[in-house]
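What follows is a set of notes on a single structure, which appears directly below.
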Amino acid sequence: MKKPLLEFTDKGIYCDVAKVYLDPWKPVAKAIISHGHADHSRWGHKQYITHHRNVPIITHRLGEIQVTGVEWGETFLINNVKFSLHPAGHIIGSSQIRVEHKGEVWVFTGDYKTENDGISTPYEAIKCHTFITECTFGLPAFSWTPQQEVLNNINQWWGQNKSQGQTSVLFGYSLGKAQRLLKYLNTDIGKIYTHGAIENMTAVLRPLVDFPETNLITRDTKKSELLGNIVLAPPSAHGSVWIRKMVPYVTASASGWMAFRGARRRRAVDKGFVLSDHCDWQELLTSIEATGAEKIICTHGYTDIFSRYLRELGYDARTESTQYGEEENEIATDKSTESVSA
């Protein structure tokens, strides 16, 4: 029986011919990294290869590492296996990893979304024989509202809160979601204040994107300065001593999980905005069809339901267990300020 080009091991997705891993979850000698979220880029590998826009992100998060940055579509050979990175559209610097050997092509998506958020390089469909896809939101119930409509609603919410003399506290993951929100907040309404985790990550990304001005909240920041303005904070800040400085405040969360009935109550926020950095049900199906792949491997999310539906459509679809998306569930809270995003 022919050995697959990529196989799932206890350390991660492995290409035996090239002796290299894709987004491994245990320390390895050589790793190709799709993007900067903590479940996909972990500390401890001897050598990292990633898109050059992701280099400052993972060096900020992981410290001093040996890392090589490559460009979109740039082919690099490892033991005669061709690798290249292609836009995943998930967050800034996020990539799909294309692997080719002896005419066989596999694509590993990492995490991805097809809607252009205006700050990440837009998703690009890559033809392949086998497609390894996430299916975080792989249920028909998930159908996203266009980004601009959601962002308009967020700015209206902020304006309404300001008219009532309240501070708006908006929760979003410090890498990805926070910058997507920041880019489109209407500074005609007021000032944007940030939690330290978001301010630090945004500072890393400012050379890549033109973001509005932000104000870091410190011990010296007064409640009176915050009134009527908006505060961007990671979910882990909710319920902390830090947030008491915001009183009187109104809270909201921006996440795909806000589409779930009861999610707002479970997260104890006043408002939920459905805004995801992943594909919805239809976007997943459209993306898979565009690859032309016959074999589909579902790695994290609603894998069983989604793969079963793909088999009904005629695909050779199966699931594989990974350690991606561990914290991406409807009642998740950050275990760190650099957590994975929804």
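Where a number appears in this text, it was derived from the coordinates with a stated rule and is not lab data. Predicted model, so just to flag it, every value in this text is computed and none were measured. Here Cβ is always computed from backbone atoms with ideal geometry, including for glycine, and neighbour counts include all displayed protein chains.
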With the crude spin-label approximation of a point 7 Å out along Cα→Cβ, what separation in nm comes out for TRP72 versus ARG206?
2.5
Are there GluC sites (Glu not before Pro) in the stretch 143-249 that DSSP puts in a loop and that have at most 12 other Cβ atoms within 10 Å, and which ones?
GLU213
I need the shape label for the stretch 167-315. Rule: rounded when a/c is under 1.5, else prolate if a/b > b/c, else oblate, with a, b, c from the alpha carbon gyration tensor.
prolate
Inter-label distance for ASP220 and ASN186, nm, one decimal - labels placed 7 Å from Cα along Cα-to-Cβ:
3.3
Using Cα pairs closer than 8 Å and at least 6 residues apart in sequence, work out the relative contact order for the chain, in percent.
18
Find how much the distance from LYS11 to ARG318 grows on full extension, using 0.36 nm per residue of separation minus their present alpha carbon separation; answer in nm with one decimal.
108.6 nm
Under the rule of -39500 (n - 2.57) per DSSP H run of 4 or more residues, summed and divided by the residues of the chain, what mean residue ellipticity at 222 nm is obtained, to the nearest 500 deg cm²/dmol?
-6000 deg cm²/dmol
What FRET efficiency comes out for ARG265 versus MET1 if R0 is 41 angstrom and r is the Cβ-Cβ distance? Round to the nearest 0.05.
0.20
Return a whole-number percent for the relative contact order of the stretch 147-273, with Cα pairs under 8 Å and 6 or more residues apart as the contact set.
35
Tell me whether the stretch 21-102 comes out rounded, prolate or oblate; compute the Cα gyration tensor, take square roots of the eigenvalues as a ≥ b ≥ c, and use a/c under 1.5 as the rounded threshold.
oblate
Entry for semi-axes √(5λ) of the Cα gyration tensor in Å (calculated from the structure that is shown) out of [x] 32, 26, 20; [y] 36, 22, 16; [z] 33, 21, 18:
[y]
Anyone know which of ALA88, ALA178, ALA141 comes out most mobile in the 10 Å Cα GNM of the chain?
ALA141
The rounded separation in angstrom of the Cα centers of the stretch 237-253 and the stretch 4-60 is 36
Cross-link pairs beyond the 22 Å C-alpha cut-off, checked among LYS19/LYS113; LYS82/LYS295; LYS3/LYS82:
LYS19/LYS113
Straight-line reach only, C-alpha to C-alpha below 16 angstrom: list the lysines that LYS222 could link to, leaving out same-chain residues fewer than 8 apart.
LYS191, LYS245
Filtering GluC sites (Glu not before Pro) in the stretch 27-125 by DSSP loop and by at most 13 other Cβ atoms within 10 Å leaves GLU64, GLU71, GLU74
Scan the chain and hand back the longest stretch that contains none of the trypsin sites (Lys or Arg not before Pro) lying in DSSP loops with at most 11 other Cβ atoms within 10 Å.
103-218
Specify the inter-centroid distance of the stretch 271-327 and the stretch 74-111, based on alpha-carbon positions, in whole Å.
18
Of TRP242, ASN200, PRO212, which is farthest on the positive side of the dipole of the stretch 147-273, counting Cα position, with +1 on Lys and Arg Cβ, -1 on Asp and Glu Cβ, and the Cα centre as origin?
TRP242
Listed residues GLY172, GLY63, GLY196, most fluctuating in the chain (Gaussian network, C-alpha, under 10 Å)
GLY63
